[in-house]
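The values are calculated or read from the model by the stated rules, or taken from the named source; none is laboratory data. Nothing here was measured: the structure is a model prediction, and the numbers come from that model. For neighbour counting, all protein chains shown are included, and Cβ atoms are generated from backbone atoms with ideal geometry for every residue, glycine included.
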């Protein structure tokens, strides 16, 4: 048993109180530390300008648009991007808050947001859906003896793009007897959560229980299992054409016949044995039947990626127990290519000084039971301005197959210079083309669409473009503003996720990352990281690690290899969680599981601890019936509850629960319910 208990920190706030003469007004943009306010679009605010920018100066700094609403330019205020949360301590000295608000003119007719203003725990005012190209909306709220003000701007659930919102002319009108100025509040530290990882010494299976493959194409699957070494694997009813390596648990070969094949795998060590039934779904292009788990190079290595680093990361899959918990894809992102300008003929070439032998690298990964991923773009150039696949799609697909590639991330970027318009048909076209090319090759290649959610890609990514996963948002970085905006924006997208096609809210930003600057420990606080992993697991999102694995500490490892959390993500039913309740800053998300239970996340988006309630009726559970509740991260049964359960949730934190009595359900029944057979 691995138990990680960390010394609790304190809930820290930076709220410098400044002396204030009564009867004055205090501008929001002049409060101390205003430039520490996070927002949902990659970073921190710059006071008195919009968060939208058109270009950069010669030093690479962004040149922001002035705050403009309905044609009027405002010189005072704070521009944010949804989702944004501004918390202000008032000390009972503020008479009212005034502002002019709306989406900045720079977004045109795009974008859609709502805003809320909270006083302590009371909602003072909220808006209907606000769209671009509108006039500024005057807002004035009385604060009386309020001790705290919260200014919230949120997306409307369809897209987080172009949600540049202005709190223009925002000011606090002070009482005549006021002595203390308003001050911004930030959560600088939080209690580090207790995580219990109970794999034990006995053999135990992890990761996906169902695997898809095309008959006649190369098959590779490493059975994920933990326990005292050495482990020995056996299986006597594998599909024809497959063999199992008894020492490594690697199943390889080619499945001969189409259809559903069930196999019982037994793993044994000196402490006992475990048995698990696996389902092999052998049909053309039936891939990614559970969300892909793996690692991507971009958020930690960027341009520095090379053969040596990839091999080091693959070694870490084994030493850190990642492969033993179901992580299998090792994906090279942009800048592996040799050319900036595409040769007239021939497939893409790798930069020889960085990747001297792509086939050899693929073989090395396959020998470990891991799968190899690569990156390209439907445009003539990639995001980093290297050669893309435009007008060479079949050549590149064939080259990828010849190298032994198992996964392709296909990034829109340079295609913006090619496409005549951004209609649904034009958005689908390049992805459908590459999907057809991949299907015609000699290998199964999981197809990852990366086009940032344009055109509601979740509606057509699988059915019309042939994707196995599709990015629903812009790039993620390791801040609460960005991560929480992206994660909670997945509301109302559950119906589009299913085995073989997954909504992808981007990579995991835990561990040592370099999302926007040099390599550093994630800027997410420990409880925020717990929220990150819990939400992605509930969402049935791909679990693609984005950190330098050689620097992984025990806390990060415990986040990424928690067996019960992974089980929620990889559940064979393939349901995606959705929000079922919201009460102020508390949210409840729920996911149906194949064993008859439900996984439930109690999330707190405030910066202070709050009680969050899971109402069983809203979860679709029978009223008046006592049901067992389990704390997943702590591997602890909390007891039986009848109508619901209310728990304290730390600021920016989560309590992840499993509710109900689990039942043994035949895997064929779950496969039928999921639509796989």
Exercise for review: Return a yes/no flag: does segment 159-169 have any residue that is in a strand (DSSP E or B), in contact with a strand residue (DSSP E or B) (Cβ under 6 Å, 6 or more places away or on another chain) and over 30 Å from residue 456 (Cβ atoms).
Suggested key: yes
Check your understanding: Does residue 23 qualify as being at pLDDT below 50, in contact with a strand residue (DSSP E or B) (Cβ under 9 Å, 6 or more places away or on another chain) and either buried (at least 18 other Cβ atoms within 10 Å of the Cβ) or in a loop (DSSP other than H, G, I, E, B) (or both)?
Key -> no
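Condition test on residue 252, is it touching a helix residue (DSSP H, G or I) at 6+ places or on another chain (Cβ under 9 Å), buried (at least 19 other Cβ atoms within 10 Å of the Cβ) and under 27 Å from residue 502 (Cβ atoms)? Break it down into steps so the answer makes sense when it comes.
Details: touching a helix residue (DSSP H, G or I) at 6+ places or on another chain (Cβ under 9 Å): yes; buried (at least 19 other Cβ atoms within 10 Å of the Cβ): no; under 27 Å from residue 502 (Cβ atoms): yes.
Judged against the criteria, residue 252 is not a match.
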Check your understanding: What strands (runs of 3 or more DSSP E), lying completely within segment 31-148, carry at least 3 residues that are closer than 23 Å to residue 586 by Cβ?
Key -> 84-89, 112-119, 122-126
Exercise for review: Quick one: which residue in 397, 338, 380, 351 is free of Cβ contacts under 8 Å to residues at least 60 places away in the same chain, in contact with a strand residue (DSSP E or B) (Cβ under 9 Å, 6 or more places away or on another chain) and surrounded by 21 or more Cβ atoms within 10 Å (Cβ to Cβ)?
Suggested key: 397
Check your understanding: Quick one: how many residues across segment 472-504 are in a loop (DSSP other than H, G, I, E, B) and either surrounded by 24 or more Cβ atoms within 10 Å (Cβ to Cβ) or touching a strand residue (DSSP E or B) at 6+ places or on another chain (Cβ under 8 Å) (or both)?
Key -> 12
Review point. Does residue 93 satisfy the condition of being touching a strand residue (DSSP E or B) at 6+ places or on another chain (Cβ under 7 Å), surrounded by fewer than 17 Cβ atoms within 10 Å (Cβ to Cβ) and either within 30 Å of residue 147 (Cα to Cα) or without any contact (Cβ under 8 Å) to a residue 12 or more places away in the chain (or both)?
Key: no
Review point. How many residues are surrounded by fewer than 19 Cβ atoms within 10 Å (Cβ to Cβ) and over 26 Å from residue 540 (Cα atoms) if we restrict to segment 275-305?
Key: 3
**Study point:** Some residue of segment 640-651 being modelled with pLDDT of 95 or more, within 26 Å of the chain's Cα centre (by Cα) and not in a strand (DSSP E or B)
**Key:** no
Review point. Does residue 464 qualify as being in a helix (DSSP H, G or I) and either in the same structural domain as residue 331 (by TED's automatic domain parsing) or buried (at least 24 other Cβ atoms within 10 Å of the Cβ) (or both)?
Key: no
**Study point:** Pick from segment 128-152, criterion within 28 Å of the chain's Cα centre (by Cα) and in contact (Cβ under 8 Å) with a residue 24 or more places away in the chain, ranking: surrounded by the most Cβ atoms within 10 Å (Cβ to Cβ)
**Key:** 151
Practice item. Please determine, by comparing only the residues of segment 226-246 that are in a strand (DSSP E or B) and free of Cβ contacts under 8 Å to residues at least 60 places away in the same chain, which one is nearest to residue 269 (Cα to Cα). Key: 232
Point to revise | All positions within segment 176-203 that are over 21 Å from residue 656 (Cα atoms) and either buried (at least 18 other Cβ atoms within 10 Å of the Cβ) or without any contact (Cβ under 8 Å) to a residue 12 or more places away in the chain (or both) | key: 178, 181, 182, 183, 184, 185, 187, 203
**Study point:** Positions within segment 249-275 being over 25 Å from residue 286 (Cβ atoms) and in a loop (DSSP other than H, G, I, E, B), in sequence order
**Key:** 270, 271
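This table checks each residue for (1) under 27 Å from residue 359 (Cα atoms); (2) outside the structural domain of residue 444 (by TED's automatic domain parsing).
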site	(1), (2)
206	no, yes
233	no, yes
249	yes, yes
261	no, yes
271	no, yes
277	no, yes
308	yes, no
Review point. Inside segment 626-639, can you point out the residues that are at negative phi, in contact with a helix residue (DSSP H, G or I) (Cβ under 9 Å, 6 or more places away or on another chain) and not in a strand (DSSP E or B)?
Key: 632, 633
Review point. What number of residues within segment 261-274 are farther than 30 Å from residue 533 by Cβ, surrounded by 17 or more Cβ atoms within 10 Å (Cβ to Cβ) and touching a residue at least 24 places away in the same chain (Cβ under 8 Å)?
Key: 2
Exercise for review: Could you tell me whether segment 604-625 includes any residue that is assigned to a strand (DSSP E or B), within 21 Å of the chain's Cα centre (by Cα) and at pLDDT 95 or above?
Suggested key: yes
**Study point:** Residues located in segment 198-222, provided they are over 30 Å from residue 407 (Cα atoms) and in contact with a strand residue (DSSP E or B) (Cβ under 6 Å, 6 or more places away or on another chain)
**Key:** 202
Review point. How about segment 354-374: which of its residues are surrounded by 22 or more Cβ atoms within 10 Å (Cβ to Cβ) and out of contact with any helix residue (DSSP H, G or I) (no Cβ under 8 Å at 6 or more places or on another chain)?
Key: 373
Check your understanding: Is it the case that some residue within segment 512-524 is crowded, with 24+ Cβ neighbours inside 10 Å, more than 14 Å from the chain's Cα centre (by Cα) and in a strand (DSSP E or B)?
Key -> yes
